[in-house]
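K.L.:
Would you mind keeping the following structure in view while I ask a few things?
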Amino acid sequence: MDNTLEVYLGEERIFCSKGKWLYPLFELEDFLAGADLEAAQLTVKDKIVGRAAALLEIRLGVGRVEAGIMSELGRRALERHNVAYEYGTLVERILCQTEELLDDEYDPETAYEMLKARADR
């Protein structure tokens, strides 16, 4: 996958981004705001899913998350919120300040507000 994030409705790719960090998920939020789609029917394919990405994906209401690399913190968040997932490689942590910042956070809205501030949105 050349893109860092791809979103599918069934077999059809409806969104993609080559952005870095969590910016593709903020781009997806903007895309979904203008689209007539049921987020629960979407599959997000993300290169790396840590706690922050997982909580943003949960907040967006996507039905399934597929990750190349997923952290244990991200996996726990998805499980806690009953979001289907799969991954290529599971790691204990992603070496990222955001992963540390959200170490004990499970509330998608709280995480969103923190991340939105960090992203200057």
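The values are calculated or read from the model by the stated rules, or taken from the named source; none is laboratory data. Note that the structure is predicted; figures quoted are calculated from it, not measured. Note that each Cβ is placed from the backbone with ideal geometry, even for glycine, and that neighbours are counted across all protein chains shown.
K.L.:
Hey, any hits in segment 44-51 for a residue that's over 16 Å from residue 121 (Cβ atoms) and either over 13 Å from the mean Cα position of the chain (by Cα) or of a type in the set (Phe, Trp, Tyr) (or both)?
P.N.:
No: segment 44-51 contains no residue that is over 16 Å from residue 121 (Cβ atoms) and either over 13 Å from the mean Cα position of the chain (by Cα) or of a type in the set (Phe, Trp, Tyr) (or both).
K.L.:
Any idea how many residues of segment 87-121 are part of a loop (DSSP other than H, G, I, E, B), of a type in the set (A, V, I, L, M) and within 14 Å of residue 25 (Cβ to Cβ)?
P.N.:
Start the filter on segment 87-121 by keeping residues that are part of a loop (DSSP other than H, G, I, E, B), which leaves 92-96, 102-107, 119-121.
Narrowing the set further to residues that are of a type in the set (A, V, I, L, M) leaves 94-95, 102, 119.
Among the residues that remain, those that are also within 14 Å of residue 25 (Cβ to Cβ) are: 102, 119.
Qualifying residue count, segment 87-121: 2.
K.L.:
So which residues in segment 90-99 are surrounded by 14 or more Cβ atoms within 10 Å (Cβ to Cβ) and at pLDDT 85 or above, if there are any at all?
P.N.:
91, 93, 94, 98
K.L.:
Can you name every residue in segment 15-29 that is at pLDDT 95 or above and of a type in the set (Lys, Arg)?
P.N.:
18
K.L.:
So if I check each of 37, 102, 55, which one is more than 22 Å from residue 2 (Cβ to Cβ), touching a His at 6+ places or on another chain (Cβ under 9 Å), surrounded by 14 or more Cβ atoms within 10 Å (Cβ to Cβ) and of a type in the set (A, V, I, L, M, F, W, C)?
P.N.:
On the way: 37 fails: touching a His at 6+ places or on another chain (Cβ under 9 Å); 102 fails: touching a His at 6+ places or on another chain (Cβ under 9 Å).
Just one listed residue meets the conditions, 55.
K.L.:
So in segment 40-52, with the set limited to residues that are part of a strand (DSSP E or B) and touching an Asp or Glu at 6+ places or on another chain (Cβ under 7 Å), which one is surrounded by the fewest Cβ atoms within 10 Å (Cβ to Cβ)? Even if it seems obvious, please write down each step before you answer.
P.N.:
If we filter segment 40-52 for residues that are part of a strand (DSSP E or B), which is where we start, we get 42-49.
In the following step, the residues that additionally are touching an Asp or Glu at 6+ places or on another chain (Cβ under 7 Å) were identified as 43-45.
Details: 43: 18, 44: 26, 45: 20.
Top of the filtered list is 43.
K.L.:
Which of the following residues is under 18 Å from residue 4 (Cβ atoms) and touching a Phe, Trp or Tyr at 6+ places or on another chain (Cβ under 7 Å): 28, 95, 60, 32? It would help to see each step written out before you state the result.
P.N.:
Numbers: 95 fails: touching a Phe, Trp or Tyr at 6+ places or on another chain (Cβ under 7 Å); 60 fails: touching a Phe, Trp or Tyr at 6+ places or on another chain (Cβ under 7 Å); 32 fails: touching a Phe, Trp or Tyr at 6+ places or on another chain (Cβ under 7 Å).
That would be 28, the only listed residue that is under 18 Å from residue 4 (Cβ atoms) and touching a Phe, Trp or Tyr at 6+ places or on another chain (Cβ under 7 Å).
K.L.:
Oh, and also: Can you tell me which of (1) modelled with pLDDT of 95 or more; (2) over 19 Å from residue 98 (Cα atoms); (3) loosely packed, with under 15 Cβ neighbours inside 10 Å is the one residue 68 doesn't meet?
P.N.:
Only one criterion is unmet by residue 68, namely (2).
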